[in-house]
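In what follows, a single structure is set out as structure tokens and then discussed.
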Amino acid sequence: MGMFEDLQGSLGDIMMTGGQGYCVDIAMLIDATGSMAPIIDEVKDNALAFCSKFHEAMDASGKNVDGLRIKVISFRDYGCDGSEAMSESDFFVLPEQNTEFQDCVMNIRAIGGGDEPESALEAMALAMRSNWTTEGAKRRHVILVFTDASANSLGDSSRQSNPSYPAGMPNSLAELGDMWTGASADLGGMPEERSARLVLFAPNVEPWVSMQVWNNVWASFSQAGRGLEDVDIDMAIQLLVASVG
């Protein structure tokens, strides 16, 4: 629990049928609300740097990535942002679609959101339902969250009434946790708990603090109300690299 349970893992635990390489999918969740305006450019830079630094760290460790895909979900608040509350891309195959990925990140604007909290948990549920790769003998399905705010409670009727609200969302943090472990047949979620990794760049408030008890989670917490001053990209990358194989 917490700092990526069993980082080194064992080859026997993650051997699958299919290819022989490392296949990594990353879903980046970026808070695009107005409160992020002072730091949105820094967050974008961190998001883009994460990919290149991860590739470099894998190469340095002798772990070649045979398949790397990135998708981007920007989120605001279903309570006040209508159809602009959520934007979800397809997976970009890197490096072939690096330009498209960069354009997607750089086009995110920090607007809307109203007051804190935001619809980050719905973004996580959407990310968990991604068409994660099934390729390779070893794989990792990684969710990164960049936010300076707490999150709305799931099951909030004022937000569920938004016509753009996604169907079949979990109604509690516990149900979202079941999606994380792959235990929810009705709600869907991560296909393999052993391959799933969650990295939180968020303030030290709920619900992010409670997520530390989930398996394979690492958090870089900032003080609430101080943006994302303490983001530790390099440490997160080292932990991810250590968890691959």
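Here, each number is a calculation from the coordinates, and none is a lab measurement. Since the model is a prediction, treat every value here as computed from it, not as a measurement. In this analysis, Cβ positions are derived from the backbone assuming ideal geometry, glycine residues included, and neighbour counts consider all displayed protein chains.
Worth a mention:
- Once the Cβ-Cβ distance of M235 and D115 is raised to the sixth power relative to R0 = 35 Å, the FRET efficiency obtained is 0.65.
- Screening the chain for whole DSSP H helices with an alpha carbon extent of at least 20 angstrom along the helix axis and a mean Kyte-Doolittle hydropathy of at least 0.5 yields nothing.
- Diffusion coefficient of the range 108-245 by Stokes-Einstein, Kirkwood radius over Cα pairs, 20 °C, 1.002 mPa s: 135 µm²/s.
- Pair N131, A37: separation of 7 Å Cα→Cβ label points (nm): 3.8 nm
- Charge sum, other residues only, whose C-beta stays under 13 Å from S83's C-beta, Lys/Arg counted +1 and Asp/Glu -1: -3
- Over the range 11-243, volume per residue of the alpha carbon convex hull, in Å³: 114 Å³
- Computed label-point distance, nm, for sites E193 and D103 using a 7 Å Cα→Cβ extension: 4.1 nm
- Charge context of I111, other residues only, Cβ under 13 angstrom, K/R +1, D/E -1: -3
- Partner lysines for K138 [C-alpha distance under 24 Å; skip if fewer than 8 residues away on the same chain]: K53, K63, K71
- Over the residues of the chain, the helix contribution to mean residue ellipticity at 222 nm works out to -8000 deg cm²/dmol, using -39500 (n - 2.57) for each DSSP H run of at least 4.
- Neighbourhood net charge (11 Å Cβ-Cβ; Lys/Arg +1, Asp/Glu -1) for F92: -3
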